[in-house]
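Have a look at the structure below, then the notes.
The values are calculated or read from the model by the stated rules, or taken from the named source; none is laboratory data. Computed from a prediction, not measured in an experiment: that's the story for all the values here. Cβ placement follows ideal geometry from the backbone for every residue including glycine, while neighbour counts extend to all protein chains displayed.
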Amino acid sequence: MKTAYIYPGLNGLLRPKDRIRYLPLPEVQARFKQAEAALAAQTGVIVDLNELLSRSTEEIYSIDNISLAAVAICSIQCGVGDRLKATHPAPEWLMGCSLGDLARAVFAEAYSFEDAVVNHVKFTRDIGGINKIGKNIGVSTPAGTAFTPEDRAWFEEIKVDVSNFSPRFLNIGGRFEELALIEERAKTSGWKTMTILEYPAHSRYILPYVDKVKREVLNVKTHAPKTKIFSSFSAKPITEADEIRQEFILSITQTIHWDLAVTKLVRDHGITHFVNMGPCSSLTALMKDIAVTVETTEAYEILGL
């Protein structure tokens, strides 16, 4: 059995049960303490991550707290990885989904945990205003159907940016006016829509904001990964430290090709088993709509939580 660990993104804390599932792990609590200490020392930010996760979804995902929500997710994923490293054989591959790339890089020893959380908070603090131009939504077709070539051509025509997660689920970043057109079309097409992030992640519209911090991002210290990494942006392996660094920019500005990346890991690299590193199970749910034969297990099932 060839295994790959997969790491969800910033939607990881949307459900209350996902926020608390991994909190009993000592390794998660240790990562929380490490993150809190690093943020206090290097950014002046004081946070109690356990207390943050006790708040409402709206508070956790408010523009003021979103970077700390990201720190909590990364800390949980790294704590889960710490436990699995100590108790289970190493995976063949690692693949993150957007924010999940941070914990993926930490597991591979390509990026230090403290750098991951501190730099994320520093960089996101410097891109204020991104919530005023648009947002990021999920759009799904009814079960048993898929988006058509005509649908995809229309998305391109109205200038939104589409991340492909499965034939029937898309993540779309764009400006408010174009997203309103999608929500209107959804009413007649039977699509379901939901807001995922209150800013246009994975779209061209966030580039001017990210350019402000690009120089700082490209100065972070990275190393060649010790565990093989597969990119969900390029759908290719990543082997060099500079590629890790470049993906910190890609992780917020570029579209994701999740279905293609999963397919390539299975078809070209022989993966037969994915372990979802949490906190949420969204990536597991997508697997049934991707044309691969593979087993997917939640990390909490392996760890007996």
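Counting only residues that are surrounded by fewer than 20 Cβ atoms within 10 Å (Cβ to Cβ) and either hydroxyl-bearing (S, T, Y) or in contact with a Phe, Trp or Tyr (Cβ under 8 Å, 6 or more places away or on another chain) (or both), which one in segment 197-212 is farthest from Y111 (Cα to Cα)?
E198
Residues I127, I137: which one is at pLDDT below 95, surrounded by 14 or more Cβ atoms within 10 Å (Cβ to Cβ) and either touching a Gly at 6+ places or on another chain (Cβ under 9 Å) or not in a strand (DSSP E or B) (or both)?
Of I127, I137, the one residue that is at pLDDT below 95, surrounded by 14 or more Cβ atoms within 10 Å (Cβ to Cβ) and either touching a Gly at 6+ places or on another chain (Cβ under 9 Å) or not in a strand (DSSP E or B) (or both) is I127.
What's the number of the only condition in (1) in contact (Cβ under 8 Å) with a residue 24 or more places away in the chain; (2) part of a helix (DSSP H, G or I) that E51 fails to meet?
Status for E51: all satisfied but (1).
Look through segment 1-32, keep the residues that are within 16 Å of A103 (Cα to Cα) and more than 15 Å from the chain's Cα centre (by Cα), and return whichever of them is surrounded by the fewest Cβ atoms within 10 Å (Cβ to Cβ).
Ranking the qualifying residues of segment 1-32, first place goes to A30.
Among the residues of segment 34-53, write down those that are exposed (fewer than 13 other Cβ atoms within 10 Å of the Cβ) and over 19 Å from K122 (Cβ atoms).
Once the filter is applied, which keeps residues that are exposed (fewer than 13 other Cβ atoms within 10 Å of the Cβ) and over 19 Å from K122 (Cβ atoms), segment 34-53 yields D48, E51.
List pairs: first residue in segment 1-28 and over 9 Å from P279 (Cβ atoms), second residue of a type in the set (V, I, T) and surrounded by fewer than 16 Cβ atoms within 10 Å (Cβ to Cβ) anywhere in the structure, Cβ distance under 7 angstrom, at least six positions apart or on different chains.
Matching pairs, first to second residue: M1/T272; K2/T272; L14/T57.
In segment 268-295, what residues are buried (at least 16 other Cβ atoms within 10 Å of the Cβ) and without any contact (Cβ under 8 Å) to a residue 24 or more places away in the chain?
Answer for segment 268-295, where residues must be buried (at least 16 other Cβ atoms within 10 Å of the Cβ) and without any contact (Cβ under 8 Å) to a residue 24 or more places away in the chain: just T284.
May I ask you to list the residues in segment 213-228 that are in contact (Cβ under 8 Å) with a residue 12 or more places away in the chain, of a type in the set (K, R) and farther than 20 Å from F107 by Cβ?
K214
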